[in-house]
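These notes concern the structure reproduced below.
None of the figures in this text is laboratory data; all of them are computed from the coordinates on show. Just so it is clear, the structure is predicted and the values come from calculations on it, not from any experiment. Here the Cβ is made from the backbone with ideal geometry for all residues, glycine too, and neighbour counts use every protein chain on show.
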Amino acid sequence: MELTNTFTLTFLLTTFIFFLPVLSNPPPKATPFKRMLALVQQEPVILKYHNGPLLKGNVTVSLHWYGHFTPTQRSIIIDFIQSLNSSSATHQHRHPPSPSAFSWWQTTATYRGGPCTLTVGDQTLDDNYSLGKSIKTTELISLASKPKKTSNSNKIHVVLTASDVEVEDFCMNQCGTHLPGRVEKGKTVYAWVGNPVSQCPGECAWPFHQPLYGPQSPPLVAPNGDVGVDGMVISLATVLAGAVTNPFSNGYYQGVESAPLEAVSACTGIFGKGAYPGFPGNVLVDNTNGASYNAVGVSGRKFLLPAMWDPLTSTCKTLV
């Protein structure tokens, strides 16, 4: 499968390759995004709007858990998505704590069309590994299709694979992806993110693990004590931001359609101010356990979220 979203690399990068949905017409080229380990983008970042529709308003995120995830692991992912919702963020606090995951997501509202509110929808558990523990990229299609599909085009179907599931090109070229697809009466968006903890933490869980190549600064302590799932949150944040701002390959991106840099992938490697190659930036540290974070969500859950391109300032915006 052809990889896209390529740009000059200085250090080892992590790529996220989109899987192809079943379409009546020939499928488009795969459109992955890349999270480069330890690389701070030096050239000016300008994401051009290509006149296509974005996902705005209420967007449902359906989750398909493939393989074994503990209840705690699932709660980290679910809490992250719920933390992006204003009503969830303010349910326990009159004002969301600062810096908040919700304020990070609000940057997507500055893209054309206004705000996008994510809610967790259908969930399915496949801890019996119905397709085995070695999956081809094309087989992700059937997994993403298992949550019930409706004519609602404002829906993202996300497949999350466990740490013992080998997905084609996982670690070598990808950690997660998103790609447009079709339902009976409209369009939808598919996505996938894998748990890298036992296969490639240096590629897909940085900065919570030392990178395989490049500057070897000490890794940060994962905010939820799970290197793999906290790494998945970074990948999922990248996927979701790209999915709502460039859902059908004609939204906001830099470069050509076959190789776009999107809302977060254009700002790869940056988590706080002062980021430079090998250093994710100045982030907050929890005094109780030494964990690094830059966003607070529901139930006081902490996350480390990547910078996102802000169309109002044409810069990569960080929370801290």
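Brief remarks on what is shown
- Gyration tensor (alpha-carbon) shape descriptor, segment 180-320, a/c threshold 1.5: prolate
- Per-peptide average of other Cβ atoms within 10 Å, ordering 239-248, 257-266, 161-170 highest first: 239-248, 257-266, 161-170
- Ranked Asp230, Asp79, Asp286, criterion: other C-beta atoms within 10 Å, fewest first: Asp286, Asp79, Asp230
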